[in-house]
Amino acid sequence: MSFIGALIYDKSMAGSEEACLRDWRKVLLGQVTGAVLEIGAGTGANIEFYPTAGVNLVLSEPDKNMRKKLQERLSQSGRTRVSIVTGSAESIDAPDESFDYVVSALVCCSVVNLEGVLVEIKRVLKPGGRLVFLEHVAASEGSKRRRWQNRINPLWRLVAGNCHLNRETEAALVATGFTIESIQRESMRKAMPIVRPTIRGMAINSVLGSALGSE
Ligand SMILES: C[S@@+](CC[C@H](N)C(=O)[O-])C[C@H]1O[C@@H](n2cnc3c(N)ncnc32)[C@H](O)[C@@H]1O
């Protein structure tokens, strides 16, 4: 993310945050407990929604411009038991099975290697641990919106920090061996039509899924 991108990020998301994202974040993150890692924490939009008790939080953000904003928002929050680390989700600097929850909000669209990231998340999650996801995704195959997503994607990636409009994140979760525990599909209000389709919910790092996935 460029300096300008980080500077205008919160403003560019403000309409959707107010219309729906804040409500979605509140419900999803109110459920986490224990050791929690958030990947691509950005400017810290999730910070205020984590429970204040019973959570040891690691916020990971590879981009230095976003990380500066993250640090500022964390300081303002007055929260304790939170650390900020650098690094990409393709290579998480943590031992195997170290987190109860991993959180990914509007990040799977931007990573270089989605499947690699999901495998890495499974590695650091405890067996039975959960991935909390809130992602904008590809519209239905064959739909007019999907055709527009496919057309605009190459340019969009260039101007929006490698954000892909047409990622099939749910299918990637299943292919990696996650068990989808809950999922809601809803339109991100006040967003451009090509980024409106979203999924949100929880995916379990099921032991059975891991065994099948490694065959
Ligand atoms: C659209 S922003 C979302 C920020 C925040 N999660 C939110 O909900 O507002 C995407 C974030 O993912 C980060 N990101 C991009 N590629 C990444 C990667 N490979 N690993 C981890 N984070 C990445 C970006 O730096 C950016 O902060």
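Along the stretch 131-136 the Karplus relation, 6.51 cos²θ - 1.76 cosθ + 1.60 evaluated at θ = phi - 60°, assigns HN-Hα couplings of 9, 8, 10, 9, 9, 8 Hz to successive residues, with x for each Gly and Pro.
Remark: accessible surface ordering of Arg25, Arg151, Arg145, Arg123 (largest first) is Arg151, Arg145, Arg123, Arg25, probe radius 1.4 Å.
Based on C-alpha pairs under 8 angstrom that are at least 6 apart in sequence, the chain has a relative contact order of 19 percent. One chain, two ends: Glu141 and Lys11. Fully extended at 0.36 nm per residue, the span grows by 43.7 nm beyond their Cα-Cα distance. Estimated from helices alone, the mean residue ellipticity of the chain at 222 nm is -11000 deg cm²/dmol (sum of -39500 (n - 2.57) over DSSP H runs with n ≥ 4, per residue). The alpha carbon radius of gyration of the chain, expressed as a multiple of 2.2 N^0.38 Å, is 0.97. Shown is the FRET efficiency for Ser187 and Asn162, computed with R0 = 25 Å from the Cβ-Cβ distance and rounded to the nearest 0.05: 0.60. Phi angles of the stretch 34-41 translate, via the Karplus equation with coefficients 6.51, -1.76, 1.60 and θ = phi - 60°, into HN-Hα couplings of x, 7, 10, 10, 9, 8, x, 5 Hz per residue; Gly and Pro are given as x. The HN-Hα couplings worked out from phi for the stretch 14-31 by the Karplus form 6.51 cos²θ - 1.76 cosθ + 1.60 (θ = phi - 60°) are 4, x, 6, 4, 5, 6, 7, 4, 4, 5, 5, 4, 4, 5, 5, 7, x, 9 Hz, whole numbers, x standing for Gly and Pro.
The values are calculated or read from the model by the stated rules, or taken from the named source; none is laboratory data. As the structure is a prediction and not an experimental result, all values here were calculated from the model. Methodologically, a virtual Cβ is constructed for each residue, glycine included, from the backbone with ideal geometry; neighbour enumeration extends over all protein chains shown. Protein only, heavy atoms only, side chains kept; ligands, DNA and RNA dropped before computing areas. Shrake-Rupley method; radii C 1.70, N 1.55, O 1.52, S 1.80 Å.
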